[in-house]
1. If you check every pair at least six apart or on different chains, which have Cβ atoms under 9 Å apart with a residue in segment A:166-195 that is under 19 Å from residue A:152 (Cβ atoms) and touching a residue at least 24 places away in the same chain (Cβ under 8 Å) first and a residue that is assigned to a helix (DSSP H, G or I) and of a type in the set (Phe, Trp, Tyr) second?
2. Do you know which residues across segment B:73-125 are outside any helix (DSSP H, G or I) and within 14 Å of chain A (Cβ to nearest Cβ)?
3. Could you tell me which numbered condition residue A:41 fails, if it satisfies all but one of (1) within 11 Å of chain B (Cβ to nearest Cβ); (2) buried (at least 16 other Cβ atoms within 10 Å of the Cβ); (3) modelled with pLDDT under 90?
4. Search segment B:192-215 for residues being of a type in the set (Gly, Ala, Ser) and buried (at least 19 other Cβ atoms within 10 Å of the Cβ), and hand back the single one that is nearest to residue B:268 (Cα to Cα).
5. Kindly provide the set of residues from segment A:77-104 that are without any contact (Cβ under 8 Å) to a residue 24 or more places away in the chain and either more than 8 Å from chain B (Cβ to nearest Cβ) or over 21 Å from residue B:19 (Cα atoms) (or both), ordered by number.
6. Considering only segment A:91-108, how many residues are assigned to a helix (DSSP H, G or I) and hydroxyl-bearing (Ser, Thr, Tyr)?
7. Which of the following residues is within 14 Å of chain A (Cβ to nearest Cβ) and surrounded by fewer than 21 Cβ atoms within 10 Å (Cβ to Cβ): B:50, B:20?
8. Would you be able to say whether some residue in segment A:10-28 is of a type outside the set (S, T, N, Q), surrounded by fewer than 23 Cβ atoms within 10 Å (Cβ to Cβ), touching a residue at least 12 places away in the same chain (Cβ under 8 Å) and touching an Asp or Glu at 6+ places or on another chain (Cβ under 7 Å)?
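The values are calculated or read from the model by the stated rules, or taken from the named source; none is laboratory data. Remember, it's a predicted structure, so these values are computed and weren't measured experimentally. Here the Cβ positions follow ideal geometry from the backbone for every residue, glycine too, while neighbour counts run over all protein chains shown.
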Amino acid sequence: MNKTIQIKDLSLTIKKHQILRSVSIEFESGKIHGLIGRNGSGKTMLMKCICGFVRPTDGEVFVNNKKIGKDCDFPDNIGIIIESPCFIPYYSGYKNLKLLANLNKRISSEQIRQSMKNVGLDPDSKLHVIKYSLGMRQRLGLAQAIMEDPDFLILDEPMNGLDKDGVADMRKYLHNFKEQEKTIIIASHSMEDIEVLCDTVCEMDKGILTVVRK
Amino acid sequence: MGNRISFIRSWRIACIEYYKWIINPRMIIAAAMILFIWNFAVFPLIDISKEMNSPLNFLEPFIAILNSRVLCLVTPSVFLFLISDYPRLDKNSLFSIHRIKRTEWVLGQFIFFILSAFTYLISIFIFSIIINLHNSFLANGWSLVITRYTTYYPEKALSFAGKLITKELYNQISPYEAAITGFFLVLMYMVLLSMILLFFHILNLKKAGIASAVSIIAAGSALGIFKSPGMWFFPMAHTMIYLHYTQYLKKTIMKLQSSFFYFIIIIAILLFICLFSVKYTNFLNNDNE
């Protein structure tokens, strides 16, 4: 199955402010795609359109050949981190993930625990999320994104708050994910992350997408 | 995920929202509200009960709260304050939303509104009866305190406490019926206010939702106080049982069943519009955690 994301002539205007302008691109599977650009350039909105949170004014988004908004509300089997991840503060990390996983009951408790271990968190810890460091929250955010073994990962600034080891772990994990022929889109302000991780790089500027490296 | 709507997923979304609501620091306002209603409706009734040396029916303080002309403005306003940032879209919500369907999210919000309104009203009920339970009776009849106070003390007929439960209530309906009917009518009023917020949120006009709900409470309360016929267009009058009756005549001004239908129909219309319109909604206004 070709796990691609196709964006055709996508435009988005919210309250008379044009955020995306005729964006067309295809994100192929088995690659890590980097998205760079200044704050407010439209990266997060593009990701929200791909995830189905925002309906475009014009154009179409296809994920796995399904048109978002017509064939499905949100893409099936997608993992996301949009902006800094937040959780229910007075629950443990495991309980937070369990609540989310229970929504569609695709995975077992053991898979949730494994995803926490994969990102370096202890699933048996009773520590409430409110006491987590920024890096631990980011790791928990990644755990929720990967726990259902998604075909697509949409990550907005996934390295925020991670220490050196955390960044190394995250890079290693994303490389493994890519080798499974899955599709990853990362928005980052860190040029080093983009250089090290990404196979293709696109730049957003005032809602216009330009391919920098193919 | 399939095309079928899962009510279990909606229920789970409602539970997540409910938990977030319960731990919200603004819940302290609900505690202040309890103190307010004690001072405003419960203590005055207890005082006249002591004055007459006669017990109250255990439901009378609660019925007085539901039918007070002042509390009819305060009770929904406090609930609106507690619910005003719902449907809440924080960054955690995005993790839940993409795992379900949009329609399931709407149904989840609807269930959450019922749960939150029920919790709010049951808290008012418990705190209104608990304070005088030792000096109350359980039988389904009005106390002498309510029915005879103004006869025994005609000089106090116009006092605030003497007018808490009026003839339109105790001559026309039993306390159990008044409490149960009042509870469900006010519950539906709260759900209706919440649905107005949801409706405007789905149209991406969240602030207009709060303004509309506030206007509906204010206009309904004002018309209700003056007993203007226009009050029946607003939900507030439908929640106040004494407005449905005259003091003595058997004929009702407005049937209680009509008030139930009023709420059911408006809530159903709003829910239907929300379920239809949610496919065009942008989930982008992230509230902070």
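1. Sorted first by the residue in segment A:166-195, then by its partner, the pairs are A:184/A:177.
2. Listed by number, the residues that qualify are B:87, B:88, B:89, B:90, B:98, B:99, B:100, B:101.
3. Here residue A:41 clears every test but (1).
4. It comes out as B:194.
5. Scanning segment A:77-104 gives A:95, A:98.
6. From segment A:91-108, those assigned to a helix (DSSP H, G or I) are A:93-104; that's our starting set.
Applying the additional criterion that residues be hydroxyl-bearing (Ser, Thr, Tyr) yields A:94.
Of the residues in segment A:91-108, 1 are assigned to a helix (DSSP H, G or I) and hydroxyl-bearing (Ser, Thr, Tyr).
7. After applying the criteria, what remains is B:20.
8. No, segment A:10-28 has no match at all.
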